Amino acid sequence: DRTEYRSETLWLAVSDNQIFNKAATAKPKKIRQVRAGLVQPQLSYQEIKLAARTELLNNILEFNRRFVTNREYEQFETDRFPDKKVVVLTCMDTRLVELLPRAMSLRNGDAKVIKSAGAVVSHPFGSIMRSILVAVYSLGVKEIMVVGHHDCGMAGLDCGQILEKAKSRGISQDTIDTLIHSGIDLEKWMTGFSRVDDGVNMSVNLIRRHPLLPRDVQVHGLLISPQTGELELLSVPG
């Protein structure tokens, strides 16, 4: 069910009785009516797409327009080939977004940076390993650094807890059972590591032993402090 309301700036859309708040420029009376459930605005397809944007997305797009208009991108201009000929595989932890490049003296254009939960390469022929090989063969990479970090959320990750949270968000037990009966080992796929250095060691060894990785490419394992940025070089057996 979609009914229609237009204002100078799109404020809301209603689809299946869900209201998405946007720029608050619609008429106050109309807003009160919608909130009270008295009316449901119908929007065009394009307006529905606009209304479905979150506040965060709108803020990002607004900032981006200013960024481009002011030519702020010029300070980041480089090409696709990493100047330091290195791939850094690290964790998606928010504390590392700016800290890790600064702590490793990496500027825009220096490195290919790949992120995954825990800096884990979970499959030898998955997308992360593919990205590493593309960087080696197409982009001139000669060195790979796997950088895990202390206080990592993947340490002690429990599959059962994740699946319970999934069910609380609307994923049915039937869906989970179907995946299991299809041969997918969710327990193995959704389980982390007991120690952060174990996770780094596992990824380093998987990369080193990959049949498509040239033997002259160096692979290192490191740990970084998410507080201070201090790096620790691991001696990875294998």
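The numbers here are math on the coordinates, done by the rules we state, and not lab data. Just so it is clear, the structure is predicted and the values come from calculations on it, not from any experiment. For neighbour counting, all protein chains shown are included, and Cβ atoms are generated from backbone atoms with ideal geometry for every residue, glycine included.
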Within the under-12-Å Cβ sphere about Met202, not counting Met202, Lys/Arg +1 and Asp/Glu -1 give a net charge of +1
For the pair His123 and Thr69, the simple spin-label estimate (label points 7 Å beyond Cα toward Cβ) gives in nm 4.4 nm
Residue span Asp185 to Met92: 0.36 nm per residue of separation minus Cα-Cα distance leaves a gain in nm of 31.1 nm
Which residues qualify? For Asp83, with a placed amide H closer than 5 Å and at least 5 residues away or on another chain, they are Asp110, Ala111
Total charge of the residues flanking Gly148 in space, meaning their Cβ is under 10 Å from its Cβ, with Lys and Arg +1 and Asp and Glu -1, is -3
1/(1 + (r/R0)^6) with r = Cβ-Cβ of Arg209 and Glu55, R0 = 30 Å, i.e. FRET efficiency to nearest 0.05, evaluates to 0.05
For region 136-145, in residue order, the Karplus 3J(HN,Hα) values (coefficients 6.51, -1.76, 1.60; θ = phi - 60°; whole Hz; Gly and Pro = x) are 5, 8, 10, 10, x, 6, 10, 8, 10, 10
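Can you pull the Kirkwood radius for region 112-217, inverse mean 1/r over Cα pairs, to one decimal in Å?
Kirkwood radius, region 112-217: 15.5 Å.
With the cut-off at 22 Å, tell me which of the pairs Lys85/Lys115; Lys112/Lys142; Lys112/Lys188; Lys165/Lys188 have Cα atoms farther apart than that.
Numbers: Lys85/Lys115 17 Å; Lys112/Lys142 11 Å; Lys112/Lys188 28 Å; Lys165/Lys188 17 Å.
The pairs that break the limit, which is 22 Å between Cα atoms, are Lys112/Lys188.
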Summing +1 per Lys or Arg and -1 per Asp or Glu among the other residues with Cβ less than 13 Å from Met129's Cβ gives +3
